[in-house]
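Asks: First the structure, then my questions, so here it is.
The values are calculated or read from the model by the stated rules, or taken from the named source; none is laboratory data. These numbers come from a predicted model, not from an experiment. Don't worry about glycine lacking a Cβ; one is built from the backbone with ideal geometry, like all the others, and counts go over all protein chains shown. For the accessible areas, the whole protein counts, side chains as well, though only heavy atoms, and no ligand, DNA or RNA atoms are used. Shrake-Rupley method; radii C 1.70, N 1.55, O 1.52, S 1.80 Å.
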Amino acid sequence: MEDDHFLYALSSNNAWAGYKAHQNPHFFPKLADGQTPQILWLGCSDSRCPETTILGLQPGDVFVHRNIANIISPTDINTSAVIEYAVAHLKVKHVVLCGHTSCGGAAAALGDTRVGGVLDTWLTPLKAVRFANLEVLNAIKDDKARATKIAELNVENGVKVLMANMTIREAIEERGLQVHGCLFDIACGRIKDLGFGTKGGKGGRWGLDGQEDVVRGRHAQIVFRGAKGEMSVR
């Protein structure tokens, strides 16, 4: 029956909650007192990209906004509200825009047929990325590689939008907020830092420096490395 999936999810939640409470009796009471996430994650709604899971972190560690194809539009009030709350009020230290391989939105943007409904409108910015990079994309003959490339270009374009956001710019200047553009490889489970974003603190320059910044969760820590490095879990 179709309901079996939902009933299993409820049963799994009950088991998880019981385990967490047994493991740490203070976990949920402390969680109920408030949140102090250090990361704002802007990602794709794809079911294979659950941010807290792939980062190895816990509830309360990551503030999240996800949409189809992780598109960052300056006129999207939903995205803007999430950014403003996370950056100006929660004072996150890192903004991570993460695309992924095997993205359905990227594949749709590479095609010339209509998807249908509101999706065509939503994917317009990604189509614009395609048309602005036709020469680069057409030079890639492998379909999967071409889809990965447009996903990377989409992240680069999104980071440019983030870097122009006044809330983010003020936080960069005032307290060294860092912005990272990343790609999650579904086939191996690794997150690659694409090198788009801030350069270690103030100024909003492109590329990352050689420093490390550590974000500690309840059972793991994320290390943000400098240029040519990766965002890794320890």
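Asks: For region 32-78, what is the accessible area per residue in Å² when the probe is 1.4 Å?
Replies: Working: 2090 Å² over 47 residues.
Counting only protein heavy atoms, the per-residue value for region 32-78 is 44 Å².
Asks: As a test question: what accessible area, to the nearest 10 Å², does residue 91 have when a 1.4 Å probe is rolled over all protein chains in place?
Replies: Ignoring ligands and nucleic acids, residue 91 comes out at about 120 Å².
Asks: Ok, one more. Put a dot 7 Å past each Cα toward the Cβ at residue 185 and residue 89; how far apart are the dots in nm?
Replies: Modelled inter-label distance: 3.8 nm.
Asks: What are the residues whose amide H is under 5 Å from the amide H of residue 46, where those residues sit 5 or more places off or on another chain and H is modelled from the backbone?
Replies: Under 5 Å from the amide H of residue 46 lie the amide H atoms of 69, each far enough along the sequence or on another chain.
Asks: Spin-label point model (7 Å from Cα, Cβ direction): what's the residue 81 to residue 173 distance in nm?
Replies: That separation, rounded to one decimal, is 2.7 nm.
Asks: Still on this model: Could you give the length gained on full extension between residue 144 and residue 13, defined as 0.36 nm per residue of separation minus the Cα-Cα distance, in nm? List each step's numbers first, then the result.
Replies: Working: separation 131, 0.36 × 131 = 47.16 nm, distance 3.55 nm.
Using 0.36 nm per residue and subtracting the Cα-Cα distance, I get 43.6 nm.
Asks: From the cross-link list 144/192; 20/91; 141/192, which pairs have alpha carbons spaced over 19 Å apart? Let's see the in-between values first.
Replies: On the way: 144/192 17 Å; 20/91 27 Å; 141/192 23 Å.
Cα-Cα > 19 Å for 20/91; 141/192; rest within.
Asks: In a solvent-free Debye calculation with one equal scatterer on each Cα, what is log10 I(q)/I(0) for region 1-60 at q = 0.14, 0.21, 0.24, 0.25 Å⁻¹, listed in the order of the q values?
Replies: Values returned for q = 0.14, 0.21, 0.24, 0.25 Å⁻¹ are -0.58, -1.08, -1.14, -1.15.
Asks: Bin width 10 Å, alpha-carbon pairs only: give the P(r) of region 24-99 as whole percents, running from 0 to the bin holding the largest distance.
Replies: In whole percents, the pair-distance histogram is 18, 48, 28, 5, 0.
Asks: Moving on to the next point. Can you send over the solvent-accessible area of residue 149, 1.4 Å probe, protein chains only, in Å² to the nearest 10?
Replies: About 60 Å², ignoring ligands and nucleic acids.
Asks: Normalised by the number of residues in region 1-123, what is the relative contact order in percent for Cα pairs under 8 Å and 6+ residues apart? Provide the component values of the computation, followed by the final result.
Replies: On the way: 118 pairs, mean separation 31.7, N = 123.
Result for region 1-123 is 26 percent.
Asks: In Å, what Kirkwood hydrodynamic radius results for region 41-83 from the alpha-carbon pair distances?
Replies: Numbers: mean 1/r = 0.0904 Å⁻¹.
Evaluated over region 41-83, this radius sits at 11.1 Å.
Asks: Return the FRET efficiency for the residue pair residue 135, residue 107: r is the Cβ-Cβ distance, R0 is 25 Å, and the value is rounded to the nearest 0.05.
Replies: On the way: r = 20 Å, r/R0 = 0.79.
After rounding to 0.05, the efficiency reads 0.80.
Asks: Among residues other than residue 165 whose Cβ falls under 12 Å from its Cβ, what is the net charge (Lys/Arg +1, Asp/Glu -1)?
Replies: Net of charged neighbours comes to -1.
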